[in-house]
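The values are calculated or read from the model by the stated rules, or taken from the named source; none is laboratory data. Given the structure is predicted, the values throughout are model-derived calculations rather than measurements. Methodologically, a virtual Cβ is constructed for each residue, glycine included, from the backbone with ideal geometry; neighbour enumeration extends over all protein chains shown. Just the protein is used for accessible areas: all its heavy atoms, side chains included, with ligands, DNA and RNA removed. Shrake-Rupley method; radii C 1.70, N 1.55, O 1.52, S 1.80 Å.
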Amino acid sequence: MRKLVLFAILSGLIGTLLYSTCGAYETENVFIFVIDGLRNKEAFEDPTHQYIPNIWNNLRPMGTIYRHFYNTGQTATSTGAIATITSGIEQFLPLNYRGGYTLNVIQKEPSVFEYYRKKFDVAKEKTWVINGGGADTENIGISLSPLYGSSYAPSLAFSDRRASDKKTALKLEMVMDTYHPSLVLVEFAEIDRTAWTGDWEAYINAIKNLDSIIYKLHEKIESDSHYAGKTTLIITTSYGRHSDSFKGHGDSCYGCRSLLFLAI
């Protein structure tokens, strides 16, 4: 399969990984790191990988990358993309009366958090969304399904659009230390916010900083006896950026659609 519909495999993959055995390796925990607005041109498609040395040189050899991974839906906001990740079904946002996308939409189909909690009677505090993206994604993991919905929603921390990736990571560490959750989605949004300013150096520095943050978080996972050797980490993006301009995103160009995917 040369082209993969946006994140259609993720819910099935996560459901298979949790409490399943693959050879001698047993996954009991899954972490999903979603990076907003990282253009693949500055990531996996850069032959030097100069901006993501930790992800490429240290983490990639431990896992599997997928090079033909695309957002085939809307690339304007994180709302639809992350709802696709959590549901496994492509999501489209309705237009509001002004012609823009309606934000903070609740997905119709159940999320992997809802399936997981209901199937295994998992406590809410064992499933978390660490939201660095702000109010437009505050309903991550919650659906309108009458059989699931808010009764099986994940715990939510942090709906602050101004949050730095460092602050988001600190919140994740606190949640890990306090609750030891088994299913977590973290949205890192500083790269996207920085790129919109049009400051190339700031955009590159945000990528480098997150590369270091993600590597340190992986080290924390592997140094914690609750997680070490039995945790799967997925690193991906919600959308990219315009092929001809790093400042924005939102159309159907290759740069906006091309995503990175690494599973460890």
Too long for a 25 Å Cα-Cα cut-off, among 167/208; 124/171; 126/166; 108/166, are 108/166
Between residue 220 and residue 177, the two model label points (7 Å from Cα along the beta-carbon direction) sit apart by a distance in nm of 0.8 nm
Full extension between residue 125 and residue 144 adds, at 0.36 nm per residue less the Cα distance, a length in nm of 4.8 nm
With all protein chains in place and a 1.4 Å probe, residue 242 shows an accessible area in Å² (nearest 10) of 40 Å²
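Of 203, 70, which has the most accessible area and how do the rest follow, probe 1.4 Å?
Result of the area sort, largest leading: 70, 203.
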Restricting to aspartates and glutamates and to Cα separations under 15 Å from residue 247, and discarding same-chain partners fewer than 8 apart, the set is 36, 42, 190, 192, 199, 201
